[in-house]
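Shown next, in structure tokens, is the structure this report addresses.
Please treat every number below as a calculation from the coordinates, not as lab data. It should be emphasised that the depicted structure is a prediction, and the values quoted were computed from it without experimental measurement. We place every Cβ from the backbone using ideal geometry, glycine too, and count neighbours over all the protein chains shown.
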């Protein structure tokens, strides 16, 4: 792959993105997706489904509902939390949802600072709004776990 | 496949004709569908599309329109992905040659077309390993 754009252009997928609310931080890479990235992996894709093309930590086939993602990330020590308020002792993630289907995950880096893997494309650091209200939907479910000391 | 669309309201409405655009280059009267078909055929290279060309046409559109998707289910539901599965056996070679160029999410299509699955459960999600297993499968059967 190896390609890296300076910016992600505003488009139907990302109607809110602009130069000021994101930074591209990696080359394009199809080896992993946003869920794997949020789980801390970059060598395989994570997705809940009845087909065997992606890894999922729970053996049974799962729909792509928030409940399936909550159960999967509970296996990594995460628990559902109320919001995105920043606590340096906690690692938080957020799932973006469209009509009850999870489309994306991001991991919190700081106050209103998040990191994401965009499908088959680059990793970015961004404000939460940057990738909202397009094909990823809106930030809906937050989870947190205590950071390793 | 005919790549054409109708555009309503031409400038001169008195003619009551609609303009047909073929790939944005050719325009003919809607009253001449046979001519349109012939011109569309020439626009595609003057004859039958090869399986590789047909696959690449679907692949380009699919990659362009799904590049931000993480959901494999959404990627597999894209119309161009369905078109590739619809090519049947003649898609196997083009898909495997595409995998030789770069790993991508062609495993679902390959399973459906070939009714085979050389990928082991513990390799699920690992694009590099899954690609290697399919390329080995294809080489053993003379597809590549």
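The length gained by stretching the chain between residue A:101 and residue A:127 to full extension, at 0.36 nm per residue less their Cα-Cα distance, is 7.2 nm. Inter-chain Cβ neighbour count for A:109-120, averaged per residue, equals 2 (cutoff 10 Å, partner chain atoms only).
Summarising the overall dimensions of the range A:2-149 from its C-alpha atoms, the Rg and Dmax are 14.5, 42 angstrom.
Our analysis of the range A:1-55 gives Rg over Rh at 1.04, with the two radii drawn from alpha carbon positions and Rh computed by the Kirkwood formula. By other beta-carbon atoms within 10 Å, ranking A:11, A:34, A:121 with the fewest at the front produces A:11, A:121, A:34. Judged by the mean number of other Cβ atoms found within 10 Å, the most tightly packed of the peptides B:86-99, A:70-83 leads the ranking B:86-99, A:70-83. Look at the stretch A:41-49: the mean tally of other chain Cβ atoms within 10 Å of its residues' Cβ atoms is 5.
For residue A:89 and residue B:136, a Förster radius of 35 Å and the Cβ-Cβ distance give a FRET efficiency of 0.15, rounded to the nearest 0.05.
Across chain A, C-alpha contacts under 8 Å between residues 6 or more apart give a mean separation that, scaled by the residue count, equals a relative contact order of 30 percent. I need the semi-axes of the equivalent ellipsoid of the range B:58-142: take the C-alpha gyration tensor, multiply each eigenvalue by 5, square-root it, list largest first in whole angstrom. Semi-axes from the Cα gyration tensor: 19, 15, 12 Å.
Per-residue mean of foreign Cβ neighbours for B:52-64 is 0 (Cβ atoms of other chains, 10 Å radius).
Counted residue by residue at 0.36 nm each, then reduced by the alpha carbon distance between them, the extension gain from residue A:7 to residue A:148 reaches 47.5 nm.
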